[in-house]
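The values are calculated or read from the model by the stated rules, or taken from the named source; none is laboratory data. Predicted model only: the values in this text are computed from it and were never measured. Virtual Cβ from ideal backbone geometry, glycine too; neighbours counted across all protein chains shown. Each accessible area value is taken on the protein alone, full model and side chains, heavy atoms only, with ligands, DNA and RNA left out. Shrake-Rupley method; radii C 1.70, N 1.55, O 1.52, S 1.80 Å.
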Amino acid sequence: MDQERFVTLWSRCCGHPDAAATLFSGIEASYSEPHRRYHTPAHIDHCLRQFDLARDEMTDADAIELALWFHDVEYDPDASDNELVSAERFRQSAVGLPEDLVEQVYRLILATIHDTPPATSDEMYVVDIDLSSFGLPWD
């Protein structure tokens with residue numbers, strides 16, 4: 001996971017690089033929890049590589065990138081509401097971000113529940129990027 005990339009994104013969105021470094025540490029710790037097998041730093045790194053391939057086609061690339069960083073930040077293998085809890089964690093962490101951006105990212109994270117077809121092109125990107133890991137070799 002790339003701390004500099006996250007800090008740059010967060011700073012660009014709200015201008016608080018000091019808070020971004022602390023926030024990144026919490027995100028990295030979550031994705032590194034020992035019970036995770038799939039929703040790990042490697043999954044986020046893969047998602048961000050896929051994001052970079054399509055960034056120029058997106059309506060709101062910063063919102064999509066933020067959603068990718070947070071979409072699996074909370075993961076309990078026995079829970080069925082991980083995406084909702086992840087979206088809520090983003091919302092609580094989003095101090096200083098514009099409210100419209102917060103709501104957009106929140107909706108994008110919820111799109112990764114995959115219970116309904118994506119409604120916007122940005123939701124389609126988040127969903128496609130999230131699921132693209134299933135096309136990787138098993139090893």
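Each helix, a run of at least 4 DSSP H residues, gives -39500 (n - 2.57); summed and divided by the residues of the chain, these come to -19500 deg cm²/dmol at 222 nm.
For segment 19-33, the Karplus equation 6.51 cos²θ - 1.76 cosθ + 1.60, evaluated at θ = phi - 60°, returns couplings of 5, 5, 5, 5, 4, 4, 4, x, 5, 4, 4, 5, 5, 9, 4 Hz by residue, with Gly and Pro reported as x.
Applied to segment 114-121, the Karplus parametrisation 6.51 cos²θ - 1.76 cosθ + 1.60 on θ = phi - 60° returns per-residue 3J(HN,Hα) values of 6, 9, 9, x, x, 9, 10, 5 Hz, with x for Gly and Pro. Kirkwood radius and radius of gyration were both taken over the C-alpha atoms of segment 39-82, and their ratio Rg/Rh is 1.05.
Over all pairs of different C-alpha atoms, segment 76-120 has a mean inverse distance whose reciprocal, the Kirkwood radius, equals 11.2 Å. Taken as Cα centroids, segment 21-98 and segment 105-128 sit 13 Å apart, rounded to the nearest whole angstrom. Computed from backbone phi, the HN-Hα couplings of segment 56-70 come to 5, 8, 8, 6, 9, 4, 5, 5, 5, 5, 4, 4, 5, 4, 9 Hz, rounded to whole numbers (Karplus: 6.51 cos²θ - 1.76 cosθ + 1.60, θ = phi - 60°; Gly and Pro given as x). With R₀ set to 30 Å, the beta-carbon distance separating Trp138 from Glu33 gives a calculated FRET efficiency near 0.85.
Within the accessible surface of segment 1-88, defined with a 1.4 Å probe on protein heavy atoms only, the carbon and sulfur portion equals 47 percent.
Remark on segment 1-61: Rg and Dmax equal 12.8, 36 Å (Cα only). Out of every Cα-Cα pair that segment 26-139 contains, those further apart than 21 angstrom amount to 32 percent. Here the extension length gained between Thr40 and Glu4 equals 11.1 nm, from 0.36 nm per residue of separation less the Cα-Cα distance. The mean accessible area for residues of the chain, using a 1.4 Å probe and ignoring ligands and nucleic acids, is 53 Å² per residue.
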